[in-house]
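Comments concern the structure below.
The values are calculated or read from the model by the stated rules, or taken from the named source; none is laboratory data. Every value quoted in this text rests on a predicted model; they were computed, and no experiment measured them. Cβ sites come from the backbone with ideal geometry, for glycine too, and all protein chains shown count toward neighbours.
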Ligand SMILES: [Zn+2]
């Protein structure tokens, strides 16, 4: 994967260099698969596992970028967004002239699937919360709820390092349907019947619920602009995150696009500068 600067108003665009530079745009309607990760398709060309990279791009405030790939999948790295954050910060970012545009939520939108729920509601900034439900002795040992107001909490410090996770027995099932073939303890937290099996343990006490927030941020960033609003997920995942983004786009009275002439007018500007460098 190669990340290249892009002009103002380009958005996030994936380019498959192995397929005559075919273009796949980041947009909610382009999502073709949400089994375990989020896959985009355009004109028969796919780009898989886009959510952790998109989450990092939201966290760093990157609106315009060319993501060149020489195969179908965004590298999984360590299963979190942190390697993308670190690499981008090591080369630096550039402010562009166009004012940042935000998707502002004007009324509550919710989608459900069985007991699972995902919703967006108005908020002067960006807040994300998640409730994780799992009846399992290992999950029971760690926090299952988290809420982040990103005017107060640094995404880079508190969320970006949370890795993907899963029960080892589900992993075997995923292999059977030809998914997660590259999954290992290098890029995910593995859980057996009684414990986290990674030698290094967890990066945060609430790493599981934080990863769900990381995923939701990435999936919602397919909207193309950062959000002024509040997200809440209850047992939700990539499928509901995408349904929520698509439902929002269909309900035109539920949102508008706003920008601010100067940063001082911006309500609850997300904390983009991490406290540790
Ligand atoms: Zn994830």
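Any chance the stretch 62-75 includes a residue that's within 16 Å of the ligand (Cβ to nearest atom) and within 27 Å of residue 98 (Cβ to Cβ)? Step through it out loud before you land on a result.
So the first thing to find is which residues in the stretch 62-75 are within 16 Å of the ligand (Cβ to nearest atom), and the list is 73-75.
Now narrow it down to the ones that are within 27 Å of residue 98 (Cβ to Cβ): 74.
Checked the stretch 62-75: at least one residue is within 16 Å of the ligand (Cβ to nearest atom) and within 27 Å of residue 98 (Cβ to Cβ).
Looking only at residues in the stretch 38-58 that are more than 14 Å from the ligand (Cβ to nearest atom) and either farther than 23 Å from residue 244 by Cα or crowded, with 20+ Cβ neighbours inside 10 Å (or both), which one is nearest to the chain's Cα centre (by Cα)?
57
Considering each of 76, 105 in turn, give the residue that is buried (at least 18 other Cβ atoms within 10 Å of the Cβ) and at pLDDT below 95.
Numbers: 105 fails: at pLDDT below 95.
One residue alone meets the criteria, 76.
Which members of the stretch 77-97 meet the condition of being within 14 Å of the ligand (Cβ to nearest atom) and over 18 Å from residue 26 (Cα atoms)?
Residues of the stretch 77-97 within 14 Å of the ligand (Cβ to nearest atom): 77-84.
Listed by number, the residues that qualify are 77, 78, 79, 80, 82, 83.
For the stretch 94-124, name all the residues that are part of a strand (DSSP E or B) and in contact with a helix residue (DSSP H, G or I) (Cβ under 9 Å, 6 or more places away or on another chain). Before you say what the answer is, go through the steps one by one.
Step one: filter the stretch 94-124 for residues part of a strand (DSSP E or B), giving 101-105, 109-113, 116-121.
Within the stretch 94-124, 103, 105, 109, 110, 111, 112, 113, 116, 117, 118, 119, 120 qualify.
For the structure I just gave you, tell me whether residue 2 is within 27 Å of residue 186 (Cα to Cα) and without any contact (Cβ under 8 Å) to a residue 12 or more places away in the chain. So that I can check it myself, show each step before the final result.
Numbers: within 27 Å of residue 186 (Cα to Cα): yes; without any contact (Cβ under 8 Å) to a residue 12 or more places away in the chain: no.
No; evaluated as a whole, the condition is false for this residue.
Is it true that residue 36 is in contact with a helix residue (DSSP H, G or I) (Cβ under 9 Å, 6 or more places away or on another chain) and either free of Cβ contacts under 8 Å to residues at least 12 places away in the same chain or not in a loop (DSSP other than H, G, I, E, B) (or both)?
Values: in contact with a helix residue (DSSP H, G or I) (Cβ under 9 Å, 6 or more places away or on another chain): yes; either free of Cβ contacts under 8 Å to residues at least 12 places away in the same chain or not in a loop (DSSP other than H, G, I, E, B) (or both): no.
Considered against the rule, which asks whether it is in contact with a helix residue (DSSP H, G or I) (Cβ under 9 Å, 6 or more places away or on another chain) and either free of Cβ contacts under 8 Å to residues at least 12 places away in the same chain or not in a loop (DSSP other than H, G, I, E, B) (or both), residue 36 comes out as no.
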